Structures are given as C-alpha cells and as structure tokens.
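Here the structure is laid out as structure tokens; the discussion comes afterwards.
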Amino acid sequence: MQNLTEHFVELIRRTSTDLPADVEEALRAARERETPGSPARRALDAILENVELARRTATPICQDTGTPLFFIHHPAGWSTRQLREHIRGAVAEATARSYLRPNAVDSLSGRNSGNNLGDPSFPTLHFEETEGEALTADLILKGGGCENVGAQYALPHSGLRAGRDLEGVRRVVLDAVHQAQGQGCAPGVLGVAIGGDRGSSYLASKEVLLRRLDDTHPEPELAALESRLTEQANQLGIGPMGFGGETTVLGTKLTHRHRLPASFFVSVSYMCWANRRRRMTILHDQVSYG
Amino acid sequence: MKSLTLPLQPQDVLDLRVGDPVGLSGVMITARDAAHKWMVETFLQKTRPPQGDDQACYEALKPILRGGAIYHCGPVVAGLDSLDYRFVAAGPTTSTREEPYQAEVMAHFQARAVIGKGGMGQHTLAACQTVPFIYLHAIGGAAALIARTVTRVLSVYKLEFGVPEAMWVVEVKDFPAVVTMDAHGSSLHSEVEARSMEALARLIDLEPRTPKSA
C-alpha cells in the first residue's frame, strides 16, 4: 500500500484554508439579504473578505481548526491500521505547518499534546469498506463553538409539545437554533438526524453535513422539511453572529436512522458558517480533491 | 468607526454604546478557559497557592491589564520552534464560558474591555456598569483577517496551558469589533434573544419563556 501521508496533508490544507464554493455562494447570497450598513451586513463583509484572504494566503479560515472528522471509504484489501497511521502522521505534519491549531487536550491533566494527536479517537476516524477501486476520504473540521451548541432531544418532549413525528422534529430543531443564538457562529448549517441511538444519531447528524448546501433530499417530505426549517430558522431574526438579521441558517440537512421502539432521538449538529468539508479521491495513482 | 487606543480610561468606555463599530489599537492579552480559571483560583479566590512562575506572571500581567483588554482567543501561532512568534489565525472564541469568572477578573485588574463572540450574561452586564468596562464582539471565524491586525507578538505567559489557552501579549492596530454590551446596561444579545424567543413562540405555538440570560 502506498504511503498516503502527503495526500492527507494536502486534504487538510485545502479543508482548513479553502471554503467550499457552495458555502461561499450561500454567504454571498446572505450578504445581499442584509440591510446595507447593518452590523449583520458588516459581519458578512468581513467573513467574505476573510474567506478570500485565507484562500490566497493558505492560512486557516478560522483559528479553531476543530476536531478533524475523517470518513474513509476504501476498497477491499486496504489496511485500516496503515491508513490510520498515515492520517495521524498527516495531522501532526499539518499542525507543524500551521494548517491546524494544536487542539488535542487530555481531559484529566489538561495537557495539550501539541500535535493534535490524542488517544485513538482524536482525530476521529470512521472506516467503511466499499465496492469499486477508489478510496474516498471526506474531512470535516468542526470547531468547538458550534460543537458546544449541538443538541439532542428525546421525543416526545412535553415542554416543546413535540411528538414523535416530523412536526415534533420541526419544533425541537427550531428550539435548538434559538438556544444556539449567535454562539455557534451564525449563519450556520444544520445537520439533523432523526432516530438511531444516542451515539449513532449524533454521528449521522455530522455525516449528513457532508452534503452540498445546494442539493435536495431525495425524499420529497424531507426535502420540504429541510427548506421549511431553513426558512423558519431565519424568521427567528438571530442573524449573522447573533447581531440580528435575515440569515441565521444557510441550510438544513436531514437524515434518518432506524431506532428502538422506546427511543426517538433527534440530534442536531450545528455547523458554523466556516463549514469546512473536503473530499479526496484516490483511484490507482490518481489523486483528486473535490 | 471609533478609534480606541489602549489602555482605556473609564470615560472612553462610558462614551460607547451598543452598536458602535470600533477599531482597537495598542497592547492586549489573550485569555480563555484555562487562563481565567488560573487567575481566579490563584489570585482572586486564592483557593490554590501560586506555584512556579505564577506570581511573576501575575506581576507582569497586572500593568498590561490595567485599562487594558482581554481577548477571548485561542490563536494559531507560527514560529513556535524559533520563538519568533507570529499570529496566523486569531478569531474570537465563545465568551459565555467565562461568565463565571469575567466580572471578578475585570474588577480585580481594572480592565476596560473584553473581546469575544456570542456575548455574555447578566452578571457580566451588571459589572460592565460598575467597573466600568465594555464587551466588544469580533467576527467569529474571521481569523485570517483579524490576525492581520496583530502587528507584533510581544510575549507569552503560561504556554504550558497549550498554544490556544496560553496568554499571548500582542500589539494590535485597528482591530475591528462592535460594542454589543455597554456600560449603560444595554446588551444587544439580550435584545436579540428576547425578540427571537417571541418569534419561536409564534412558529411553534408556545408561551414565550423567560430568556436564559435573564
């Protein structure tokens, strides 16, 4: 198996420093909706200027380069143990090159490892074997501010009068956006998982953030709820940075998982406007970045 | 935009109102979770005796904080090996985590500005009036842009907390922010939260709840 360390460093560099085009477009559209001269519009102007500057100078868009979340799909026969070594090597190297901030802190001693390597779950790696010959590596850099405002609800929720149906989902998701205010670096993106267990539900709510902002859910009922949630979240008027304004959420992505009869979880992962996600595809010796 | 030069006088703070855009110049200090906990436990509440270079750090920080600004920021810093430190990315981190500490820290050091994102709660807002000081909101995530306003890294204290949580002493020029909590009892965050609560209650047909920061 070839050593993929350098390719993973490049994936990290692109993810940290170059915002995906669909996210940048959504931010530009959001800027147009805000009142000229308002704090919301000035915030989006600064955000867009920052995005361009980060790309041009290959510096991180946000100083909180977050938890690196890797989703690897590999063909049969690849060694996940070796892939893990290559990725961990790349994470340490990307930290040394200032594409990542050292973020791995021992929870008991408070000591920062200095290279973004912690126990085997930091960085977070998910492996899955797939058909075909191509390896794909998706990376999300999810900052702590937005991670802290994520929420999980167990339905029914009497306070919000949320039952075990899509109307219940709508109620709790809007509550989560309200609770987040501007703290998750609005305008954000919502990754929402319906069902699963507590762990798988949260994971699914993050994995769904890999979808492009401008796609549509294949199931019409969920597609309709996605656009309704985005529209209604924006009616809350929290606005960019919580300054008040028209755009609180750039988009909503829903997914669903089977659950136990006793459980109905709705997990909301809030992603900040710095929605850093990238895909690398390796087919034989060809490497491409999406 | 109002230009402010650190250190600030009480009157500089009293002249500012929620919504004012400001450009800050002078020397400020980054401090976040570990730093606030350390300051409060070691020097304010004194529940932990000073160890190692604690006392020396405290004495060095005191004159910078008097009239000064605390920036809730965990930067990406280049030049760690050569000690030729340079801020690469330096946006604000969420301020609300420092709510249990901020008012006492500001009063103790007579500091005049806190810079962060997301706003702070009622305890801090009340202290904004009595100390007095202001809360300035920088643009969350605009890290490359803000790093450009850091003209020099002068020194660093408590690097053992890790790069993000160390106390970096930096010189800034025209650091951009907006006043969102002033020394007259106004908080943009409380206003937006109350308005959004009314909107939420309409959208999901509920009785409005008391905002959490009240």
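The values are calculated or read from the model by the stated rules, or taken from the named source; none is laboratory data. No experiment lies behind these values; they were computed from the predicted model shown. So basically every Cβ, Gly included, is an ideal-geometry build from the backbone, and we count neighbours across all protein chains shown. The protein model used for the area step is the full one, side chains on, heavy atoms only, and it has no ligands, DNA or RNA in it. Shrake-Rupley method; radii C 1.70, N 1.55, O 1.52, S 1.80 Å.
Please go through the range B:59-87 and give me each residue that is facing another protein chain (nearest Cβ under 9 Å), surrounded by 23 or more Cβ atoms within 10 Å (Cβ to Cβ) and either assigned to a strand (DSSP E or B) or touching a strand residue (DSSP E or B) at 6+ places or on another chain (Cβ under 6 Å) (or both), ordered by number.
Passing the criteria: B:CYS73, B:PRO75, B:VAL76, B:VAL77, B:PHE87.
Assess whether B:GLU104 counts as being under 14 Å from A:GLN183 (Cα atoms) and either more than 10 Å from the chain's Cα centre (by Cα) or in a helix (DSSP H, G or I) (or both).
no
Quick one: which of B:GLY19, B:GLY23 is of a type outside the set (Lys, Arg), assigned to a strand (DSSP E or B) and open to solvent by less than 40 Å² (accessible area, probe 1.4 Å)?
B:GLY23
Could you please give the count of residues in the range A:238-258 that are assigned to a strand (DSSP E or B), more than 14 Å from chain B (Cβ to nearest Cβ) and open to solvent by 10 Å² or more (accessible area, probe 1.4 Å)?
The number of residues fulfilling the criteria is 3.
Taking A:LEU203, is it part of a loop (DSSP other than H, G, I, E, B) and among the aliphatic types (A, V, I, L, M)?
no
Listed residues B:VAL150, B:VAL169; which is open to solvent by 10 Å² or more (accessible area, probe 1.4 Å) and in contact (Cβ under 8 Å) with a residue 60 or more places away in the chain?
Among B:VAL150, B:VAL169, only B:VAL150 is open to solvent by 10 Å² or more (accessible area, probe 1.4 Å) and in contact (Cβ under 8 Å) with a residue 60 or more places away in the chain.
Which members of the range A:105-122 meet the condition of being under 22 Å from the mean Cα position of the chain (by Cα) and open to solvent by 80 Å² or more (accessible area, probe 1.4 Å)?
Those that are under 22 Å from the mean Cα position of the chain (by Cα) and open to solvent by 80 Å² or more (accessible area, probe 1.4 Å): A:ASP119, A:PRO120.
Please go through (1) open to solvent by 80 Å² or more (accessible area, probe 1.4 Å); (2) in contact with a Gly (Cβ under 8 Å, 6 or more places away or on another chain) for B:GLY52 and return the number of the only condition it doesn't satisfy.
Condition (2) is where B:GLY52 drops out.
Name every residue in the range A:136-145 that is open to solvent by less than 10 Å² (accessible area, probe 1.4 Å) and facing chain B (nearest Cβ under 10 Å), in order of residue number.
A:GLY143
If you go through the range B:148-197 one residue at a time, how many are on the phi < 0 side of the Ramachandran plot, more than 13 Å from every other protein chain (Cβ to nearest Cβ) and not in a strand (DSSP E or B)?
Looking only at that region, the number is 4.
For every residue, the table says whether it meets (1) open to solvent by 20 Å² or more (accessible area, probe 1.4 Å); (2) more than 14 Å from chain B (Cβ to nearest Cβ).
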| residue | (1), (2) |
| --- | --- |
| A:GLN181 | no, no |
| A:ALA186 | no, no |
| A:LEU203 | yes, yes |
| A:LEU209 | no, yes |
| A:LEU236 | no, no |
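Rundown of residues vs (1) crowded, with 21+ Cβ neighbours inside 10 Å; (2) assigned to a strand (DSSP E or B); (3) touching a residue at least 12 places away in the same chain (Cβ under 8 Å); (4) not basic (Lys, Arg), yes/no style:
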| site | (1), (2), (3), (4) |
| --- | --- |
| A:LEU11 | yes, no, yes, yes |
| A:SER16 | yes, no, yes, yes |
| A:ASP22 | no, no, yes, yes |
| A:ALA30 | yes, no, yes, yes |
| A:THR35 | no, no, yes, yes |
| A:LEU48 | no, no, yes, yes |
| A:THR59 | yes, no, yes, yes |
| A:ASP64 | yes, no, yes, yes |
| A:ILE72 | yes, yes, yes, yes |
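Looking at the range A:146-169, can you tell me whether even one residue there is out of contact with any Asp or Glu (no Cβ under 6 Å at 6 or more places or on another chain), at the interface with another protein chain (Cβ under 8 Å from one of its Cβ atoms), touching a residue at least 40 places away in the same chain (Cβ under 8 Å) and open to solvent by 10 Å² or more (accessible area, probe 1.4 Å)?
Among the residues of the range A:146-169, not one is out of contact with any Asp or Glu (no Cβ under 6 Å at 6 or more places or on another chain), at the interface with another protein chain (Cβ under 8 Å from one of its Cβ atoms), touching a residue at least 40 places away in the same chain (Cβ under 8 Å) and open to solvent by 10 Å² or more (accessible area, probe 1.4 Å), which makes the answer no.
Restricting to the range A:123-177, what's the tally of residues that are more than 22 Å from the chain's Cα centre (by Cα), part of a loop (DSSP other than H, G, I, E, B) and not small (Gly, Ala, Ser)?
Of the residues in that region, 9 qualify.
Which one is surrounded by the fewest Cβ atoms within 10 Å (Cβ to Cβ), of the residues in the range A:74-104 that are closer than 19 Å to B:ALA90 by Cα and among the hydrophobic types (A, V, I, L, M, F, W, C)?
Residue satisfying both the conditions and the ranking: A:ALA96.
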